[in-house]
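Novice: One structure coming up, written as structure tokens, with questions to follow.
The numbers here are math on the coordinates, done by the rules we state, and not lab data. Only a predicted model underlies this, so the values are computations on that prediction, with no experimental measurement involved. Note: ideal-geometry Cβ built from the backbone for every residue, glycine included; neighbour counts use all protein chains shown.
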Amino acid sequence: MERTFVMIKPDGVRKGLIGPILTRFEQKGFKLQEMKLMRIERDKAEQHYQEHREKAFFGELVSFLTSGQVCAMVWEGPNAVAAARLLIGHTNPANAAPGTIRGDFALEVAENIIHGSDSAESADREMELFFGTDAKPGIPSFDVDELDS
Ligand code: DAT
Ligand code: MG
């Protein structure tokens, strides 16, 4: 089993696509491990997209990511990283096949609805950035002792 980090970007949240996107991942057979609706600070957005720091579109990308709520998720399944990228579709929605999330819900590269990790190493780094130790398998997200008090 593998885990991957997926994030619905502010345009996806604004368009009301959390439900349809969750449905696609669930129908495909992925198991949802973590999910958090949140606003992210500029610093976290810059860290998330650190490999694009030198690109001309970096400033625009970070501004866009911090422009509204995002829905951060961890999904598990066999070959989850590659399988999620297939479901998501090509980076540029103009080249994304119909049936993929970007192919069906987006038109422009700057607002392409959703992020998915591009490798197992990126997935580990991104899960740590967004969920910290919560995303590590086998660590419960609450303390069972709290239920008694
Ligand atoms: P992906 O999100 O498919 O992994 P990426 O890592 O190459 O694609 O780029 C990260 C994001 O940056 C992408 O989802 C949208 C934005 N982006 C990429 N190329 C762009 C461009 N030429 N102009 C504007 N935004 C771009
Ligand atoms: Mg990428």
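Novice: Looking only at region 45-85, count how many residues are of a type in the set (D, E, K, R), under 23 Å from M35 (Cβ atoms) and not in a helix (DSSP H, G or I).
Specialist: Summing the residues that are of a type in the set (D, E, K, R), under 23 Å from M35 (Cβ atoms) and not in a helix (DSSP H, G or I) in region 45-85 gives 1.
Novice: With the condition kept exactly as written, say whether any residue in region 73-81 is more than 16 Å from ligand 2 (Cβ to nearest atom) and more than 24 Å from F131 (Cβ to Cβ).
Specialist: Looking through region 73-81, none of the residues is more than 16 Å from ligand 2 (Cβ to nearest atom) and more than 24 Å from F131 (Cβ to Cβ).
Novice: Can you name the number of the only condition in (1) touching a residue at least 60 places away in the same chain (Cβ under 8 Å); (2) in a helix (DSSP H, G or I); (3) closer than 20 Å to A45 by Cβ that D124 fails?
Specialist: (1)
Novice: Name the residues in region 3-43 that are charged (D, E, K, R) and touching a residue at least 60 places away in the same chain (Cβ under 8 Å), would you?
Specialist: Within region 3-43, the first condition is being charged (D, E, K, R), and the residues that meet it are 3, 9, 11, 14-15, 24, 26, 28, 31, 34, 36, 39, 41-43.
Matches in region 3-43: R3, K9, D11, K15, R24, E34, K36.
Novice: Whether any residue in region 79-88 is touching a residue at least 24 places away in the same chain (Cβ under 8 Å), within 16 Å of I114 (Cα to Cα) and in contact with a Cys (Cβ under 8 Å, 6 or more places away or on another chain) is what I want to check.
Specialist: no
Novice: Under the condition of being within 16 Å of A110 (Cβ to Cβ) and among the hydrophobic types (A, V, I, L, M, F, W, C), which residue from region 14-58 is surrounded by the fewest Cβ atoms within 10 Å (Cβ to Cβ)?
Specialist: That would be A56.
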